[in-house]
Structures are given as C-alpha cells and as structure tokens.
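Asker: Attaching a single structure in structure tokens format; questions to follow.
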Amino acid sequence: MKKIIAAALLCAAVATPALAQKENHWYLALDAGTLKMQNTNYANPGSLTVSGGYRFNRNFALEGGLTGYGDSTLVYNNGTTTAAQGDARFLAVGILPLSQSFDLFGKAGIGFHTAKITGTGAYAGTYSKETTTNAIIGFGGQFNINSRFGLRLQYEALGKSKSSPTDPGADISRVSIGGVLNF
C-alpha cells in the first residue's frame, strides 16, 4: 500500500502543471527521526540525515544524503552485541505543490545500507560488516515558511538491514521531521 501511495504521488507530481514556477535552486536538509526495524531483537534507534539536492523545477528534484543511526545493543548473560548502522542514498523527488506554502512529495531511489556488529564478553571478537543495496521509497509533506526555509515530515521504506550475507535481514523504515534551507 505504501508503495502504491508513493508511486501515485510521483505520477501526480509529474502530471501536474507548474503552479507559478520557482527558479531552479540547490537546497540542504537536516532530518531527525526514528528507525523501525522488524524481524530483529535489536531496539529501534534514532537517526539523523544530512542531505542536499537540486530542484530542477517546481515538480522535480534530485537528492542525495547520508544517514547515521544510533547504536542498538543486545545484552546477554555473558556479553553484548551492538549494531551500528548508516546509509548513503540517491533519490528522485516528485513534488506536488498544493499552495505556495505546502507541497506533497514522493521519493524513489537507491540506498546503500551498512550494518556493523561488534561484541563484548563472550561475544568479544565478534565482528561483521555488511552493506546491502536497497530500493528506497518514501513520501511526505513540506510546509514552506518562506522562500528560504521549510519544514518537512516524511516516511521512508528503506529495505533490508543485514549483518552478513546469510542474514535474512531486518525490514527497516523511518519516520522523520526536518528543516530545509533553499539557496
């Protein structure tokens, strides 16, 4: 269902005629949120994304970014294992302006998710690092305070997080809120 909504937003953004075209411009964004991991015992960590993009017109942008996630630790009777994660992402963004102050957007692209597991106690010396390539699909809304600043709320389905090639992986998604600075 989430993929259908994101695809519909992207299609609507492309099909919508421009409403008072804005100039092409660069932007930076900073988003803080929480990562939801399913099919794992690790806790859901927080996240911070720094991204930048270029808005080609009122309806389309390309965006790239880096996300760091907080560490998640599992405690056992005789040691711990800690998962440290992050991703790099490259996305196409379809934008549907509803007014000068509010836009809906859909995102689709590719992400490179890295998970590193380290251990202590009986798990000391345990180490694995795995990078998975995932499709990223997301959607959200942006409130434009003025022509320079905006606030956005978004949901992203990030694919799988794996700690080894044989790991079935955890399904990960993220909800975040952030700010946008237009140049």
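Asker: Select from region 28-55 the residues that are closer than 19 Å to Asn144 by Cβ, surrounded by fewer than 16 Cβ atoms within 10 Å (Cβ to Cβ) and free of Cβ contacts under 8 Å to residues at least 60 places away in the same chain and list them in ascending order.
Answerer: Initial filter on region 28-55 (closer than 19 Å to Asn144 by Cβ): 28-31, 51-55.
Still in the list and also surrounded by fewer than 16 Cβ atoms within 10 Å (Cβ to Cβ): 28, 30, 52, 54.
Within region 28-55, Gly52, Tyr54 meet the criteria.
Asker: Can you pull out every residue in region 123-144 that is of a type in the set (Phe, Trp, Tyr) and touching a residue at least 60 places away in the same chain (Cβ under 8 Å)?
Answerer: Step one: list which residues in region 123-144 are of a type in the set (Phe, Trp, Tyr), which gives 123, 127, 139, 143.
Phe139, the sole residue that qualifies.
Asker: Name the residues in region 41-91 that are charged (D, E, K, R) and within 20 Å of Ile136 (Cβ to Cβ), would you? Steps first, please.
Answerer: Taking region 41-91 and keeping what is charged (D, E, K, R), we get 55, 58, 63, 71, 87, 89.
Passing the criteria: Arg55, Glu63, Asp87, Arg89.
Asker: I've got another one for you. Working only within region 151-183, note down all residues that are surrounded by 17 or more Cβ atoms within 10 Å (Cβ to Cβ) and among the hydroxyl-bearing types (Ser, Thr, Tyr).
Answerer: Those that are surrounded by 17 or more Cβ atoms within 10 Å (Cβ to Cβ) and among the hydroxyl-bearing types (Ser, Thr, Tyr): Tyr155, Ser161, Ser163, Ser173, Ser176.
Asker: Which one is nearest to the chain's Cα centre (by Cα) among residues in region 56-80 that are crowded, with 17+ Cβ neighbours inside 10 Å and either outside any strand (DSSP E or B) or of a type in the set (Gly, Ala, Ser) (or both)?
Answerer: Gly65
Asker: If we keep just the residues of region 113-162 that are hydroxyl-bearing (Ser, Thr, Tyr) and out of contact with any Ser or Thr (no Cβ under 8 Å at 6 or more places or on another chain), which is farthest from Leu74 (Cα to Cα)? Walk me through it before giving the result.
Answerer: Start the filter on region 113-162 by keeping residues that are hydroxyl-bearing (Ser, Thr, Tyr), which leaves 114, 118, 120, 123, 126-128, 131-133, 147, 155, 161.
Subset that is out of contact with any Ser or Thr (no Cβ under 8 Å at 6 or more places or on another chain): 133, 147.
Working: Thr133: 25, Ser147: 45 Å.
Here the answer is Ser147.
Asker: Quick one: would you say Ala83 is touching a strand residue (DSSP E or B) at 6+ places or on another chain (Cβ under 7 Å), outside any loop (DSSP other than H, G, I, E, B), small (Gly, Ala, Ser) and free of Cβ contacts under 8 Å to residues at least 40 places away in the same chain? Steps first, answer last, please.
Answerer: Details: touching a strand residue (DSSP E or B) at 6+ places or on another chain (Cβ under 7 Å): yes; outside any loop (DSSP other than H, G, I, E, B): yes; small (Gly, Ala, Ser): yes; free of Cβ contacts under 8 Å to residues at least 40 places away in the same chain: no.
Judged against the criteria, Ala83 is not a match.
Asker: Name the single residue, out of those in region 93-122 being surrounded by fewer than 20 Cβ atoms within 10 Å (Cβ to Cβ), hydrophobic (A, V, I, L, M, F, W, C) and without any contact (Cβ under 8 Å) to a residue 60 or more places away in the chain, that is nearest to Ile145 (Cα to Cα). Break it down into steps so the answer makes sense when it comes.
Answerer: Just the residues of region 93-122 that are surrounded by fewer than 20 Cβ atoms within 10 Å (Cβ to Cβ), to begin with: 98-102, 104, 108-110, 112, 114, 116, 118-122.
This time we only want the ones that are hydrophobic (A, V, I, L, M, F, W, C), so: 98, 102, 104, 108, 110, 112, 122.
Checking which are without any contact (Cβ under 8 Å) to a residue 60 or more places away in the chain leaves us with 98, 102, 110, 112, 122.
Numbers: Leu98: 14, Phe102: 9, Ile110: 29, Phe112: 32, Ala122: 53 Å.
Going through the qualifying residues, I end up with Phe102.
Asker: Please specify each residue of region 126-149 satisfying the condition of being farther than 27 Å from Ile110 by Cβ and of a type in the set (D, E, K, R). Step through it out loud before you land on a result.
Answerer: Taking region 126-149 and keeping what is farther than 27 Å from Ile110 by Cβ, we get 126, 143-149.
Listed by number, the list holds a single entry, Arg148.
Asker: Right, next: Working only within region 128-150, note down all residues that are within 30 Å of Tyr42 (Cβ to Cβ), surrounded by fewer than 14 Cβ atoms within 10 Å (Cβ to Cβ) and aliphatic (A, V, I, L, M).
Answerer: The one that is within 30 Å of Tyr42 (Cβ to Cβ), surrounded by fewer than 14 Cβ atoms within 10 Å (Cβ to Cβ) and aliphatic (A, V, I, L, M): Ala135.
Readers should treat all values here as calculations from the given coordinates under stated rules, not as data from a laboratory. All of these numbers come straight from a predicted model, not from anything done at the bench. We place every Cβ from the backbone using ideal geometry, glycine too, and count neighbours over all the protein chains shown.
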